[in-house]
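The values are calculated or read from the model by the stated rules, or taken from the named source; none is laboratory data. Source: prediction; values computed, not measured. Backbone-built Cβ (ideal geometry, glycine too); neighbour counts: all protein chains shown. Note: areas computed on protein heavy atoms with side chains; ligands, DNA, RNA excluded. Shrake-Rupley method; radii C 1.70, N 1.55, O 1.52, S 1.80 Å.
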Amino acid sequence: MPRDIDINLNVGLDAATFAVLALTSWLIPAHAHVDGPAPESGGLRALGRYPQLLGLVAVTCLFFFLYGPVEVALPIHVADELHGSAGLLGAFWAVFGVGAVAGGLCAGLLQRFPLWPVVVAIIVGWGAALLPIGLSDAVVPAMVGLAVGGVIYGPFVAICTALFQRTSPPHLLSRILASTNALTIPAAALGTLLGGPAVEVIGARHTLLASALGTIALGLAVAAVPAVRAVAGPPQR
């Protein structure tokens, strides 16, 4: 238990440092001279002027937040509920890693399609891939689900970055990406932080199930937003 408290405290401090970074990014004015169009504002303020970018940041933060508990719950699920060894946990992460590498290599192919629907498909697909491990203690379906989930999850960051690059004004792109990282990284840390209490209250497998269902709900909610359907349009180049 003390070790769990230390881990949660470290993650909480990590999240707090990124929160300070985000606040600093918001407060510091942009007066530096650059070639080309003058910056309109800092990255976070610029996000407020572009609803599509702001929506993408919010969706990404929620997605990473919902992923955070998985990193806490999976080791406990394997050790306490499956009575598995460290080797079994390593096998789970290995199949996820292999899948993520394969999915990441396919990110370029996915950029031929409208990117918002791809983002929605990744979110819903990752949530669905977690269902086998959240619904039962069967090892093989859970491992297959995690491998498929890795393939689905792998292209997410690359697709979101491409969407930022296509949507952001060129002279604000670096500021917006920096501000986005300052928001999304603490979101994942906060999800990991809250994963500990969730495991304590409802158990590891149910925490994984809650993460799966929450992620699917997030994807379906994004798909239902009229603005997402409006930007789907023809394939982007």
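How many angstrom lie between the C-alpha centres of the stretch 135-173 and the stretch 58-129? Between the Cα centre of the stretch 135-173 and that of the stretch 58-129, the gap is 7 Å.
In plain terms, the chain from Trp93 to Asp137 could stretch by 14.2 nm, reckoned as 0.36 nm per residue minus the Cα-Cα distance. For the stretch 62-129, a Kirkwood hydrodynamic radius built from all Cα pairs, placed in the Stokes-Einstein relation at 4 °C and 1.567 mPa s, yields a translational diffusion coefficient of 93 µm²/s. Computed over protein heavy atoms with a 1.4 angstrom probe, the accessible surface ordering of Val201, Val95, Val120, Val148, largest first, is Val201, Val148, Val95, Val120. Looking only at the stretch 85-109, which residues have a backbone nitrogen under 13 Å from a spot 7 Å from the Cα of Val157 in the C-beta direction? The answer is 100-101, 104-105, whose backbone nitrogens lie closer than 13 Å to the label point. Ranking Trp126, Pro169, Gly214 by how far each Cα lies toward the positive end of the dipole of the stretch 84-237 (charges on Cβ) leaves Pro169 at the top.
Projected label points at Leu173 and Glu200, each 7 Å from Cα along the beta carbon direction, are separated by 4.5 nanometres. For Trp126, the solvent-accessible surface with a 1.4 Å probe is about 0 Å², rounded to the nearest 10. Rg over Rh for the stretch 116-237 works out to 1.02, both radii taken from alpha-carbon positions and Rh defined as the Kirkwood radius. Give the Debye-formula value of log10 I(q)/I(0) at each listed q (0.13, 0.19, 0.23, 0.27 Å⁻¹), with one equal scatterer per alpha carbon of the stretch 104-159, two decimals each. Log10 I(q)/I(0), no solvent term: -0.34, -0.63, -0.81, -0.98.
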